[in-house]
1. Taking the DSSP beta bridges in the chain as the whole, what percent of them are antiparallel, to the nearest 5?
2. Per residue of the chain, what 222 nm ellipticity follows from adding -39500 (n - 2.57) for every DSSP H run with n ≥ 4, rounded to the nearest 500?
3. How high is the relative contact order of the stretch 229-318? Use alpha-carbon pairs under 8 Å, at least six apart in sequence, and give a whole percent.
4. Among V284, V88, V171, which one moves the most in a GNM of the chain with springs linking Cα atoms closer than 10 Å?
5. What is the spin-label model distance, in nm, from I119 to E263 if the labels are put 7 Å beyond Cα along the C-beta direction?
6. Return the tail of the calculated pair distribution for the stretch 108-335, meaning the percent of Cα-Cα pairs more than 25 Å apart.
7. Heavy-atom accessible area per residue, the chain, 1.4 Å probe: how many Å²?
8. So, R0 is 22 Å and r is the distance between the beta-carbons of E326 and K160; what FRET efficiency does that work out to, to 0.05?
Amino acid sequence: MIDLRELIQKISQAKDKLELQNIKSQFLGKNSQINQEFKKLGSLSEEEKKIKASSLNNEKQKITEAINVRFKELEKLEISKKLQKDKVDVTLPARERPNGKIHPVSQVIDEISSIFSEIGFSVAEGPDVETEYNNFTALNTPEDHPARDMHDTFYLDNDKKILLRTHTSPVQVRAMLNGKPPFKIIVPGRTYRCDSDQTHAPMFHQLEGLHIDKDITMGHLKGCLDYFVKEFFEVKKIKMRFRPSHFPFTEPSAEVDIGYKLENGRIIVGEGDKWLEILGCGMVHPNVLKNAKVDPNKFQGFAFGMGIDRLAMLKYGINDLRSFFESDYRWLNYFGFDPLDVPTNYRGLSR
Ligand code: PHE
């Protein structure tokens, strides 16, 4: 006979499901002692059979129960062990995922575009490879005009008919030929000149502005630039002056300087007694309007062209222009912008 107490004790101490399974087949399975005894019942008298069967059933039930109880215990134990092992430590710092950064030039183009879009300008674009005609001739620059040398042009063919645009002004011509007045556009883009030092790179960025309508005056130009400079530098007051200048494609022409001062080596824009040139501008020359199939007796307006890289350097305190285009990841990491950070005067995403 099996010692039931001993067996139940053994069951309650089974250390895993496998051991429990073995016990089960040993003591309740086909070849188990109990099963043998059940088989022998037939040879007993009715009375003995009754007694024996009931005691065997009783025994079987107790073993089964003990096994079930232990099974549940082991199951619980297994779950809690698993939970313990898989515990997530929510206090651990998240693994760092290197984020891309937005280049200061892209950032500033976005900022400028949203500032001008607030007052009704839309963005136009033109190709980097231009015709000599759009870049110079249509812009009222005669064959022998010194501006053609001044610009130190990269020509792409021997006839000097195809070139890398030296400014964004040819897009004025393209835009006017492609549409009907009024025009109110800005044109950000890459421009090229044979030049390289701390403040000049052979490839740089400009932003052109063009506003042509029936009675646009220099007053509008002034108001527009005053609004732009205040918004861009995030200042309420700005010292700004228009200096007479010359461009073949505008008449009159001016260069615009903004006041600044140096404080501990940092440039503070808007006040002080120093002047910094930020753009060229003027009233679009009637010859340019004619070349672009716009009637100068009906329409007039202003244009301006500013150096984007220079504005970015000024606003964000970057002092070497060449570093903009060296593709140094550490530089970009330092001066670049988080794509998820919306700057205060950037309206493109927040409105
Ligand atoms: N295209 C001029 C330059 O590159 C700037 C400019 C644009 C001046 C429009 C007047 C009008 O220097």
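1. 95 percent
2. -12000 deg cm²/dmol
3. Relative contact order of the stretch 229-318: 23 percent.
4. V88
5. If labels sit at I119 and E263, their model points lie 2.6 nm apart.
6. That fraction is 41 percent.
7. 60 Å²
8. With R0 = 22 Å, the Cβ-Cβ based efficiency is 0.10.
The values are calculated or read from the model by the stated rules, or taken from the named source; none is laboratory data. This is a predicted model, so every value here is computed, not measured. Ideal geometry is used to build each Cβ from the backbone, glycine not excepted, and the neighbour counts take in all protein chains shown. The protein model used for the area step is the full one, side chains on, heavy atoms only, and it has no ligands, DNA or RNA in it. Shrake-Rupley method; radii C 1.70, N 1.55, O 1.52, S 1.80 Å.
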